[in-house]
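Heads up: the structure comes next, in structure tokens.
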Amino acid sequence: MSQTLAKLGGDLAAIRPHLTLEADADAVTKACTLVPEALDRLTSSGFLIEATRLVAHALPKREAVWWACMCAIHTAPVDLPDADRKCREAAEDWVRQQAETSRRVAFDLAQAGGFRTPEAWAAMAAFWSGGSMAPEGQPAVPPAPHLTGTAVAGSVALAAVRGDVARRDARLHQFLESGRNIAMGGPGRLPAETG
């Protein structure tokens, strides 16, 4: 495993079923055993959305939720609705505290917003990070382990096409660099998009 991308050390074989790779993208990564190698091959072959799915599932849950927030911030419009800002802030609160209360608040805000934005899916990723999906006081129903990655992948994909679909590939390249930075222990921050 690449020492620099130490946080992308998940089991590629276990992650692969959740990536929903088309035949061409699957062929590019078939011989790979390590996540960083698969990431490099997907990126260099132009399978950018597939590469973001890989990062979403390979990063530890806390880092993956943070990454979704960084990508959402990058493409957020200046007039981002307050409800979306609150969703992202709830996801960030969960990243900082990993408390049950912040996880539940993230879900409530995402649900109220109708699950339509990158911020809402970042909040859902936080909610699906652990604990129970059942209402409080009910028997525990733990989320499937891959759901955080699925929500993060959705958040990142929505952020990539927000406002201007023509910017998608350029944004995905930036998002992947952010993900790599997080995998190396960095903050993965992206500047707010201009223009």
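The phi torsions of segment 100-117, fed into the Karplus equation with coefficients 6.51, -1.76 and 1.60 and a -60° offset, translate into couplings of 4, 4, 5, 5, 5, 4, 4, 5, 4, 5, 5, 5, 4, x, x, 6, 9, 10 Hz, rounded to whole numbers, with Gly and Pro shown as x.
Within segment 61-165, the ratio Rg/Rh, alpha carbon atoms throughout and Rh by Kirkwood, equals 0.97. Short-range pairs are left out: with C-alpha atoms under 8 Å and at least six residues apart, the relative contact order of the chain is 26 percent. Across segment 17-22, computed HN-Hα scalar couplings (Karplus, 6.51 cos²θ - 1.76 cosθ + 1.60, θ = phi - 60°) run x, 8, 8, 6, 7, 5 Hz from first to last residue, x flagging Gly and Pro. Only DSSP H runs of four or more residues enter the estimate; each adds -39500 (n - 2.57), and after division by the residues of the chain the mean residue ellipticity at 222 nm equals -18500 deg cm²/dmol. By the count of other C-beta atoms within 10 Å, a proxy for reagent exposure, His146, His57, His173 are ordered fewest to most as His173, His146, His57.
Please give me the summed charge of the neighbours of Met184: other residues whose Cβ is under 14 Å from its Cβ, Lys and Arg +1, Asp and Glu -1. That sum, taken over residues with Cβ under 14 Å, equals +1. Sorted fewest first by neighbouring Cβ atoms within 10 angstrom, Cys69, Cys87 come out as Cys69, Cys87.
Every read-out reported here was derived from the displayed coordinates using simple, explicitly stated rules and does not represent laboratory data. This is a predicted model, so every value here is computed, not measured. As a convention, Cβ positions derive from the backbone with ideal geometry for all residues, glycine included, and neighbour counts pool all protein chains shown.
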